[in-house]
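A short worksheet on the structure shown next.
The values are calculated or read from the model by the stated rules, or taken from the named source; none is laboratory data. Keep in mind that this is a model prediction, so the values were computed, not measured. Neighbour counts run over all protein chains shown; Cβ positions are idealised from the backbone, glycine included. What goes into the accessible areas is simple: the full protein's heavy atoms, side chains included, and nothing from ligands, DNA or RNA. Shrake-Rupley method; radii C 1.70, N 1.55, O 1.52, S 1.80 Å.
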Amino acid sequence: MSKFICRLFGLLCLSFWAQAQTASAVSASAEVLAAGSVAPSVVFLNPGHSTEPFWVNYTEFMQAAASGLGLRLRVEYAERDPQAMIRQAREVVTAKDRPDYLVLVNEQYVAPRILQLAQGSGVKLFLVNNTLTSDQSRLLAESGNPPPELLGSLVPNDERSGYLMLKELLRQYGPLAPGQTLDLLAFSGRKFTPSAQLREKGLLRALAEHPQVHLRQLVYGEWSRDRAHDQASQLVKRYPRTELVWSANDEMALGVMQAFEEAGRQPGKDVLFSAMNSSRAALQARIDGRLSVLFTGHFSLGGFAMVLLHDHARGVDLARHGGYNQQVDLMQSLDPARARIWLNMNPAKDYRLDFKRFSLVSHPDGERYAFSLDALGRR
């Protein structure tokens, strides 16, 4: 992996002349946008499937934000194919009518390659959910000046979410008797995805605080319900005393629950499950008590990224308001009552938040962005 990153990093270097030309083009573009004569344009490279509940919800929230802020947004689905995402990026940055901003996820470490493709295009790149890894950031820092195309990032605190999921799972289980131990199975996402790695890190931090919980096995379900179901069908036989299951997303949790039910184990009673995201099936499982812990909120990152890009296009210096690279805590733990509210939400209506109230265009003296999902579902 180090050799791969180094090779990509070598491709990132631009000549002084190219950097100067790009900076000049971006400056001129910003002046036009600040004057309000052109609505800023954004392309989002969605890494998920066009039928995948999380990424569909993500897109709906993002489109609602773009509409409310007057941005022109186009979404391209990569269908979980990193090579397709790279092809899409190449088409975007070489098109005659290039967007002002290209938003992407560093899924399977594709960001450096896309950053290399964008060199000299004048298109600003903004990362959401998965940003550059520490190795990628270090290599960029060693080059001296960062590439002018790389604007910044907005990511959730995935480590904290992974930590809180297990802590809440144990709270739901209740006090342990002296000497009592619990068997835990964990289902993570793709092994080389930063968000999955950070959620695992949070899980391990929580486990270090609770030595009575024994992690019997952690497997990579790759965010897939079917794959997690197949894995769990074997693991439930291998570890018949399992009482806790931690899953990095809802699709995997649903697949694992199915496997345990097929083995005669009752979710919510014989074994407690945790998950992340807010698909309708997961919300219903939380209402029914089959799912004991459900965290959601990070589907909103793309929408709030639209606020940052809206402000940047109008001259707001993001460095003065939390920085160009921001991490936010938006995750909420849903109890059954709250899950019912979310289940009854209509994206066409309830996602029509006043996104401009998060903008600092009219509040240049504001210190930091205060993104929140408190207003969702209240209408």
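For a paramagnetic label modelled at 7 Å from the Cα of Gln266 toward its Cβ, which residues of region 284-302 fall within the zone defined by backbone nitrogen distances under 13 Å? Correct set: 289-290. Solvent-accessible surface (1.4 Å probe) assigned to Arg216 amounts to roughly 100 Å². The value given for the chain is a Kirkwood hydrodynamic radius of 21.8 Å, derived from the mean inverse Cα-Cα separation. Projecting the Cα atoms of Ser41, Ala285, Leu308 onto the charge dipole of the chain (Cβ charges, centred on the Cα centre) puts Ala285 farthest toward the positive pole.
How large is the accessible surface per residue of region 223-352, computed with a 1.4 Å probe and reported in Å² as a whole number? Please report the intermediate quantities before stating the final value.
On the way: 4960 Å² over 130 residues.
Heavy-atom SASA per residue in region 223-352 reads 38 Å².
With both labels modelled 7 Å from their Cα along Cα-to-Cβ, the Glu367 to Glu142 distance reads 3.7 nm.
For Lys167, the aspartates and glutamates whose Cα falls under 12 Å of its own Cα, not counting residues fewer than eight places away in the same chain, are Glu209. Using the Karplus relation 6.51 cos²θ - 1.76 cosθ + 1.60 with θ = phi - 60°, the per-residue 3J(HN,Hα) values for region 55-63 come to 6, 5, 4, 4, 5, 4, 5, 5, 5 Hz, with x marking Gly and Pro.
Each residue of region 282-289 was assigned a 3J(HN,Hα) from its phi angle through the Karplus curve 6.51 cos²θ - 1.76 cosθ + 1.60 (θ = phi - 60°); the sequence is 5, 4, 5, 5, 5, 4, 6, x Hz, with glycine and proline shown as x. Quick one: angle between helix 158-173 and the longest Cα principal axis of the chain, in degrees between 0 and 90, rounded to 10, please. Once rounded, one gets 20 degrees. Between 0 and 90 degrees, the angle of helix 2-12 with respect to the longest Cα principal axis of the chain falls at about 20 degrees. Computed from Cα atoms, the angle from the helix 250-262 axis to the main principal axis of the chain rounds to 20 degrees. For the set Lys269, Lys191, the ranking by accessible area, highest first and with no ligand, DNA or RNA atoms included, is Lys269, Lys191 under a 1.4 Å probe. Could you tell me what percent of the accessible area of the chain is made up of carbon and sulfur, with a 1.4 Å probe and every protein chain present? Heavy-atom surface of the chain belonging to carbon and sulfur, 1.4 Å probe: 49 percent.
Past 30 Å, Cα to Cα: identify those pairs from Lys201/Lys349; Lys191/Lys349; Lys201/Lys237; Lys191/Lys237; Lys124/Lys356, in the order given.
Working: Lys201/Lys349 37 Å; Lys191/Lys349 36 Å; Lys201/Lys237 27 Å; Lys191/Lys237 24 Å; Lys124/Lys356 22 Å.
Checking Cα-Cα distances, Lys201/Lys349; Lys191/Lys349 exceed 30 Å.
With all protein chains kept in place, the per residue accessible area of region 111-157 amounts to 32 square angstrom at a probe of 1.4 angstrom.
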